[in-house]
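Visitor: The structure is given below, and queries will be raised subsequently.
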Amino acid sequence: MASREGIRGRIDAFACELAAELGDVDESLGDCWLDAVENQAVELGDAISAELACQLSRRRSVAAQVPCPQCGAPGRYRGQRSRELIGRRGPLTISEPEYFCPACRRAFFPADGGDRG
Ligand SMILES: [Zn+2]
């Protein structure tokens, strides 16, 4: 895992690249220049947050078997599925593990403790 300073340095470098690429701020995007800057920054921050959640959910380790919530029999890992949900900063598409219970003959998706549907 990267250090906070290392990540902060990469964020600074990425922000410099974005600023250069975006060019002059369109003041019509806010009530004034600073408001337009903040609106653009918040929009980009939300997009980065959503993409980071997507990427991290894909990298999350999964168990080969998880107990079925219906009968308790071991459910087998079947792969990942995409799920759309509403995060703190807007819509997210995450990847989550899908399991199959041979006893119940149904798929299930173990809920995360922080699952918000
Ligand atoms: Zn079952």
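The values are calculated or read from the model by the stated rules, or taken from the named source; none is laboratory data. Everything quoted here is computed from the prediction, not taken from an experiment. A quick note on method: Cβ atoms are made from the backbone with ideal geometry, for glycine too, and the neighbour counts reach across all protein chains shown. Ligands, DNA and RNA are excluded from the accessible area calculation, which covers all protein heavy atoms including side chains. Shrake-Rupley method; radii C 1.70, N 1.55, O 1.52, S 1.80 Å.
Visitor: Could you give the dipole magnitude of the chain about its Cα centre, charging the beta-carbon of Lys and Arg +1 and that of Asp and Glu -1, in debye to the nearest 20?
Guide: Result for the chain is approximately 1500 debye, rounded to the nearest 20.
Visitor: Still on this model: Go ahead and estimate [θ] at 222 nm for the chain from helices alone: -39,500 (n - 2.57) per DSSP H run with n ≥ 4, summed, over the residue count, rounded to 500.
Guide: Dividing the helical sum by the residues of the chain leaves -14000 deg cm²/dmol.
Visitor: To the nearest 10 degrees, how steeply does helix 33-59 sit against the main Cα axis of the chain, on a 0 to 90 scale?
Guide: It works out to around 20 degrees.
Visitor: Mind checking which of L22, I94, Q65 is farthest towards the positive end of the chain's charge dipole, using Cβ charges of +1 (Lys, Arg) and -1 (Asp, Glu) about the Cα centre?
Guide: My answer, from the dipole projection, is Q65.
Visitor: Oh, and also: Using the Karplus curve 6.51 cos²θ - 1.76 cosθ + 1.60 with θ = phi - 60°, work out ³J(HN,Hα) for each residue of the stretch 75-87 in order, rounded to whole Hz, and write x for Gly and Pro.
Guide: In residue order, the calculated couplings are x, 8, 5, 10, x, 9, 10, 8, 9, 9, 8, 9, x Hz.
Visitor: Still on this structure, please answer the following. Keeping all protein chains in place, calculate the accessible area per residue for the chain (probe 1.4 angstrom), answer in Å².
Guide: Here the per-residue accessible area is 76 Å².
Visitor: Shifting gears a bit: Is the chain best put as rounded, prolate or oblate by its Cα gyration tensor, with a ≥ b ≥ c the root eigenvalues, rounded for a/c under 1.5, and otherwise prolate when a/b is larger than b/c, oblate when not?
Guide: Cα axes put the chain in the prolate bin.
Visitor: To continue, here is another question. Magnitude of the Cβ-charge dipole of the stretch 1-60, K/R +1 and D/E -1, about the Cα centre, nearest 20 debye?
Guide: 820 debye
Visitor: Sticking with this structure for a sec: Sorted by average packing, counted as other Cβ atoms within 10 angstrom per residue and highest first, what order do 26-35, 2-11 take?
Guide: 26-35, 2-11
Visitor: When 1/r is averaged over all different Cα pairs and the result inverted, which Kirkwood radius in Å belongs to the stretch 1-60?
Guide: Result for the stretch 1-60, one decimal place: 13.2 Å.
Visitor: Quick check on the stretch 62-117: take the gyration tensor over C-alpha atoms, sort the square-rooted eigenvalues as a ≥ b ≥ c, and tell me if it's rounded (a/c under 1.5), prolate or oblate.
Guide: prolate
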